[in-house]
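Here is the structure we will look at.
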Amino acid sequence: MIGVSSLRGEEVSFPNTTDVDELVEWTRGLDKVTVYATYASLGLGTLERAHAGGLAAWDLIVVDEAHRVSGRIGKPWAVVHDNQKIPSLRRLYMTATPRLWQLGDEDEAGAPGELVASMEDDPEGPFGSRCFTLTLSEAIDRGICAPYQVVCVDVTDTALQAAQLLGAEGRSAEVRGARLAALQTALVKASAEENFRRTLVFHHVVKEAEAFAAGLPDVAAQLHASDPVLYPKTIWADWLCGDHKPLHRRRLLGEFAAGVATDGTVVEKCFLCSVKVLGEGVDTKNCDSVYWADVRGSMPDLVQAVGRALRMHPGEGKVASLVVPVLLDPGETADNMLTSRPYNGLAKLFRQAPLLTGHGEEGFRAARFPGFEVRPVLGVRGAQRGASAGPASRSITPSAMSSLSISMRAP
């Protein structure tokens with residue numbers, strides 16, 4: 001095994017290089033070799049130069065997270081489709097979020113007349129014919145992925161609503177602070193009442209992820225003081241972003257999975273906040289829930305977040321929880337929550353779910369049944385003061401959302 005990356009020493013357990021001549025020499029004369037490469041090696045031209053310098057053609061290229069090489073055919077990563085520059089007998093494309101494109105899509109606009117790599121089921125297209133599809137519902141039925149529930153927590157916070165009524169801007173420190181406190185309280189209450197133990201918290205801004213993790217222990221302590229039976233005495237909370245080194249990420253993920261803090265303290269609940277770092281290709285062991293402190297981001301990003309909770313060991317038997325807080329506006333109650341403006345975040349996540357398969361095949365099964373099941377679970381009142389929860393919010397339990405698609409193409 002050989003890696004094409006900048007990882008060195010303890011960060012990786014097999015040889016890695018970004019030197020073209022070294023890569024060619026390491027692979028020369030080997031009957032069998034597996035090379036792991038990052039998409040960055042395509043963008044930097046490393047593999048392309050290696051082939052020009054004598055690197056042999058591949059028998060098979062496996063393109064994981066293949067939606068990353070869809071879209072504008074002229075972008076650097078799309079060179080993986082070019083059999084003249086990256087030669088291979090076969091290509092296998094795999095993704096859980098296939099993306100269909102057409103000329104004129106705004107976020108992939110390139111030069112006039114430029115071709116688009118769309119993940120169509122087309123033997124003549126860049127991705128070839130689809131050879132296998134595993135729907136999420138089938139994966140759940142076969143015990144590969146965990147069944148899941150969607151827990152929607154309505155949050156009525158008087159401090160936040162007062163700031164809004166006084167005309168404070170949404171980006172002001174006052175509103176951001178009140179919103180953060182409400183979301184922190186909602187998370188700890190939901191985890192206690194629904195018995196979550198390992199929760200990944202997704203953010204859109206690094207500073208908010210850091211502040212959220214820093215403040216959680218105090219929020220949990222206040223709630224524990226108000227009800228020691230219901231709320232945890234010990235929690236672990238930390239955060240990650242793309243700037244953190246691999247060793248730091250590995251340590252935090254290990255503590256999160258084990259439920260043991262750096263000082264050896266065994267904790268009751270773990271919360272790991274992140275910004276665009278715990279998505280594709282990251283195994284978050286023992287995660288039983290995800291919490292969206294912010295639902296901004298692309299649909300593939302949101303689906304990848306869902307996947308962190310759905311992963312499980314064979315026979316584990318867990319039920320994953322997808323937790324979405326809804327901050328109610330002044331004068332609103334949980335009874336009209338599904339039509340309120342703050343519900344837009346939840347709507348973005350689940351009303352568009354059929355699009356995740358490209359054509360809505362399988363999709364969000366509950367969407368086929370108007371009036372799908374809504375049952376009372378919990379609500380949060382006066383979040384900053386840790387008041388008791390009311391039985392006012394909703395949990396929606398769908399059966400399927402997306403599918404894993406695999407396409408095979410020969411040159």
Global geometry of the stretch 169-262, whether rounded, prolate or oblate, following the gyration tensor of its Cα atoms and the 1.5 cut on a/c: oblate
Any chance you could check the Cα centroid distance between the stretch 1-33 and the stretch 211-227 for me, in angstrom? 47
Amide H contacts under 5 Å for TYR291, placed H, 5+ residues apart: LEU200, VAL201, PHE202, VAL323
Non-local amide H neighbours of VAL150 (under 5 Å, H modeled in plane, Pro and chain starts lacking H): which ones? LEU322, ILE396, THR397
Fewest first, what order do ILE73, ILE144 take by the number of other Cβ atoms within 10 Å? ILE144, ILE73
Between SER6 and ALA214, the two model label points (7 Å from Cα along the beta-carbon direction) sit apart by a distance in nm of 2.8
From the backbone phi of the stretch 14-21, what are the Karplus-calculated ³J(HN,Hα) couplings (6.51 cos²θ - 1.76 cosθ + 1.60, θ = phi - 60°) in whole Hz, Gly and Pro given as x? 9, x, 10, 7, 10, 8, 4, 4
Values of log10 I(q)/I(0), in the order q = 0.09, 0.20, 0.22 Å⁻¹, for the stretch 2-134 under a Debye, Cα-only, solvent-free model: -0.30, -1.21, -1.35
State which entries of LYS233/LYS285; LYS276/LYS318; LYS233/LYS276; LYS207/LYS233; LYS32/LYS85; LYS245/LYS276 exceed 19 angstrom in Cα-Cα distance in the structure shown. LYS233/LYS285; LYS276/LYS318; LYS233/LYS276; LYS207/LYS233; LYS32/LYS85
Using modelled amide H (1.01 Å from N, peptide plane; none on Pro or chain starts), what sits under 5 Å from the amide H of ALA237, excluding residues fewer than 5 places away? PHE271
Return MET1, MET119 ranked ascending by Cβ neighbour count within 10 Å, so the fewest neighbours appear first. MET1, MET119
Could you work out how far the C-alpha centroid of the stretch 232-247 sits from that of the stretch 249-273, in angstrom? 8
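Computed from the coordinates by the stated procedures, all read-outs in this text should not be read as laboratory data. Worth saying up front: this structure is predicted, and the values here are computed from it rather than measured. Neighbour counts are summed over all protein chains in view; Cβ atoms, including those assigned to glycine, are modelled from backbone coordinates with ideal geometry.
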